[in-house]
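Below is one structure, written out as structure tokens; comments come after it.
The values are calculated or read from the model by the stated rules, or taken from the named source; none is laboratory data. Note that the coordinates shown come from a computational prediction; the quantities given were computed from them, not determined experimentally. Positions of Cβ are backbone-derived with ideal geometry, glycine not excepted, and every protein chain shown enters the neighbour counts. Only protein heavy atoms, including side chains, enter the accessible area calculation; ligands, DNA and RNA are left aside. Shrake-Rupley method; radii C 1.70, N 1.55, O 1.52, S 1.80 Å.
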Amino acid sequence: MTQLHIVGGGMAGSEAAWQAAEAGVDVVLHEMRPKVGTFAHRTGDLAEMVCSNSFRSDDDEQNAVGLLHWEMRAAGGLIMATADRHRLPAGGALAVDRDPFAAEVTSQLQAHPKITIQTSEITELPAEGHWIFATGPLTSDALSHAIAAETGAEALAFFDAIAPIVHADSIDMSVAWAQSRYDKGETEEDRRAYINCPLGRDDYEAFIDALLAADKTAFREGETAGYFDGCLPIEVMAERGRETLRHGPMKPVGLTNPHAPDVKPHAVVQLRRDNKLGTLYNIVGFQTKMKYGAQTSVFKMIPGLQDASFARLGGIHRNTFLNSPTLLDDRMRLRSRPNIRFAGQITGVEGYVESAAMGLLAARLAVAEIAGRRLPPVPPTTATGALVHHITGGAEAKTFQPMNVNFGLFPPVEGLKPGRRGRKDRYRAYTDRAKADWQAWLAAALEPA
Ligand SMILES: Cc1cc2nc3c(=O)[nH]c(=O)nc-3n(C[C@H](O)[C@H](O)[C@H](O)COP(=O)(O)OP(=O)(O)OC[C@H]3O[C@@H](n4cnc5c(N)ncnc54)[C@H](O)[C@@H]3O)c2cc1C
């Protein structure tokens, strides 16, 4: 069988190498560390966890990331099997003893007869051969330039200015309303792509006080030399003057509140639809360096968001990622250069587990292609499928930001109670459906062409 080259031996590249080698393909894994380092990695080990040591919730019945654990275990994933062997006590979460974990992933890959590891920085996108690029949020500068030359610089982000994302069904629509500013938009759907939360003067003043007082995270050394005015954290805008937000992302113009048409709100927080399903909304312009605990309490002060459930919280950090919805096809190949696949965080997923899952999938797609087979599409009802559908088409390309796996990415299960009260049954229905569909997909992938 033809060789598969994998660039980057992080979470995604390590899993991809394992999956392809176990399927009988010869793999060359190119990892630049320890010869060339990054500001966050400390060692030359593969699958190094750069920050927290948590794979988050291990609950595969009520939690989407727990479901992703389940799917990777069912697919014989190296990252999950090794994490399980180095599990630390952490309640319902899967915490990992990071150094022995990375050392074991490294030795398993080194010992595999189908894998050759080369310590080298790849700086070009090769014209021939089968390649998976899994170089992560800290992709080296030379390679970033080569990717930007291929995709156009505007399709490759170097910063992640993340606005918080809210589950649509947790927004109180008896307070908020759907309307685009000045009713702009060609279709009724466009005109309803925004949800507005009104603040009176007192709400606004209390919100600004809370924002200024909230706990914030400092930038790490080397992470950034500064940020552009276009993506300033909201608390920095508030520090520039108490009225700044009211003239910026919270301006109350061009909107009429149907719940109180005669009352002009003092300020308005707008949320914009974040996926085609309409299950997720991002809070426009609300990138922030507030700590996660502070974010939930401060954002819940916004009328209409008092019961908000967050699919992800806001942040700003160095992160190289592609505008995958425009650049990648549904097989994770670069549309303009189909011999090249991308996997891991660089595709616009976020997190150790999500990155490893995208490595697993990219390798299986590459192996099938090398063998002259075409795998059936991964069902969007599975956690792996929901993620890949999101990044390769489900997400709005214009506002594309890295995404954690969450149930807002799944097609709804019909006939279940909406809202908070039905949540337990709904999540159970999502995970039951996902497990059955994932097993069927794994079985179909084994059938002869
Ligand atoms: C500072 C920071 C903190 C983070 N904290 C967390 C956290 O707490 N929890 C969490 O879930 N996620 C966190 N993340 C996100 C985390 O990076 C991803 O979850 C995960 O590591 C991504 O996996 P990956 O395989 O895509 O990239 P990585 O794990 O980063 O692996 C990419 C690999 O590619 C190599 N590489 C880069 N360029 C080249 C090249 N040109 N040639 C050869 N090799 C190359 C790198 O050395 C690296 O080993 C953090 C990210 C950063 C930057």
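Here are the numbers for the structure shown:
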item: Any hit, the range 257-270, residues being free of Cβ contacts under 8 Å to residues at least 60 places away in the same chain and touching a Leu at 6+ places or on another chain (Cβ under 7 Å); result: no
item: Test: residue in the range 368-379 that is at negative phi and within 16 Å of the ligand (Cβ to nearest atom); result: no
item: Residue, nearest to the ligand (Cβ to nearest atom), within the range 300-314, restricted to residues that are open to solvent by less than 10 Å² (accessible area, probe 1.4 Å) and touching a helix residue (DSSP H, G or I) at 6+ places or on another chain (Cβ under 9 Å); result: Gly314
item: Answer from Gly129, Gly152 - the residue that is touching a residue at least 60 places away in the same chain (Cβ under 8 Å) and on the phi > 0 side of the Ramachandran plot; result: Gly129
item: Spans of strands (runs of 3 or more DSSP E) in the range 106-192 with at least 1 residues under 30 Å from Leu416 (Cβ atoms) and open to solvent by less than 70 Å² (accessible area, probe 1.4 Å); result: 156-162, 165-167
item: Scan of the range 335-354 for residues that are open to solvent by 10 Å² or more (accessible area, probe 1.4 Å) and either near the ligand (Cβ under 8 Å from one of its atoms) or not assigned by TED's automatic domain parsing to the domain that holds Gln19 (or both), ordered by number; result: Gln345, Glu350, Gly351, Tyr352
item: Flag if Ala357 is within 16 Å of the ligand (Cβ to nearest atom), part of a helix (DSSP H, G or I) and either of a type in the set (Phe, Trp, Tyr) or in contact (Cβ under 8 Å) with a residue 12 or more places away in the chain (or both); result: yes
item: Restricting the range 356-374 to residues that are out of contact with any Ser or Thr (no Cβ under 7 Å at 6 or more places or on another chain) and open to solvent by 10 Å² or more (accessible area, probe 1.4 Å), the residue that is farthest from His69 (Cα to Cα); result: Gly372
item: Matching residues, the range 237-256, being touching a residue at least 24 places away in the same chain (Cβ under 8 Å) and within 13 Å of Leu212 (Cα to Cα); result: Ala238, Glu239, Arg242, Leu245
item: Residue within the range 93-100 that is closer than 29 Å to Ala444 by Cα, more than 11 Å from the ligand (Cβ to nearest atom) and touching a Lys or Arg at 6+ places or on another chain (Cβ under 9 Å) present; result: no
item: Qualifying residue in the range 318-333 (condition: away from the ligand (no atom under 16 Å from the Cβ), among the polar types (S, T, N, Q) and assigned to a helix (DSSP H, G or I)); result: yes
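Condition check ((1) assigned by TED's automatic domain parsing to the domain that holds Ala81; (2) β-branched (Val, Ile, Thr); (3) at pLDDT below 95) across all residues:
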{"site": "Leu109", "(1), (2), (3)": "yes, no, no"}
{"site": "His112", "(1), (2), (3)": "yes, no, no"}
{"site": "Thr116", "(1), (2), (3)": "yes, yes, no"}
{"site": "Ser120", "(1), (2), (3)": "yes, no, no"}
{"site": "Thr123", "(1), (2), (3)": "yes, yes, no"}
{"site": "Ala127", "(1), (2), (3)": "yes, no, no"}
{"site": "Ile132", "(1), (2), (3)": "yes, yes, no"}
{"site": "Asp141", "(1), (2), (3)": "yes, no, yes"}
{"site": "Ala146", "(1), (2), (3)": "yes, no, no"}
